[in-house]
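To start, the structure under review is shown below, and the notes come after it.
The values are calculated or read from the model by the stated rules, or taken from the named source; none is laboratory data. All values reported here derive from a predicted model rather than from experimental measurement. Please note: Cβ atoms are built from the backbone with ideal geometry, for glycine as well, and neighbour counts cover all protein chains shown.
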Amino acid sequence: MLWAWLSLLTAVAAASQDAWIKRHFSSLGPFAMAAFPLVYGFPLYALSLYFVPVPALDAVFYACYLASLPLNGIAFLIYMNAILFARQRPVRQCGYDRAGSGRSAVA
C-alpha cells in the first residue's frame, strides 16, 4: 500500500511544480519554462547518483533511451506551451460558459 501514498505524493508534487511554473515563469517562453524545473532538480539528481547503484545495462536499453529523448523533449515543450497558453487565455475566454453546456459565451 506504500505505492498509493507515493503516487499521491508524486501527483501533488507534479501539480505544485506546474502551478509554480505557471505563476512565476509564464512571462518567459516555453523553452525557459521547461529549463527551470530541470535546472533546479539537477543538483538533487546528481547527488542521488552517488547513492544509487547502477545495474548492468545492455545496448537495447540505451537504444530505447536515446529514441525516447526527442519524444519526451517535444512532449515536455508542448506541455509547457499549453501552460503558457492557459496563462494567457483562461478557460472562460476560450468560448465556453461556466455551466459547461458547450454554448459559446464569447460572441
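Computed quantities for the displayed model
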item: Scope the range 45-74; condition within 29 Å of residue 29 (Cβ to Cβ), modelled with pLDDT of 90 or more and not polar (S, T, N, Q); matching residues; result: 46, 65, 66, 67, 69, 70, 71, 74
item: Number of positions in the range 6-53 that are polar (S, T, N, Q) and touching a Lys or Arg at 6+ places or on another chain (Cβ under 7 Å); result: 1
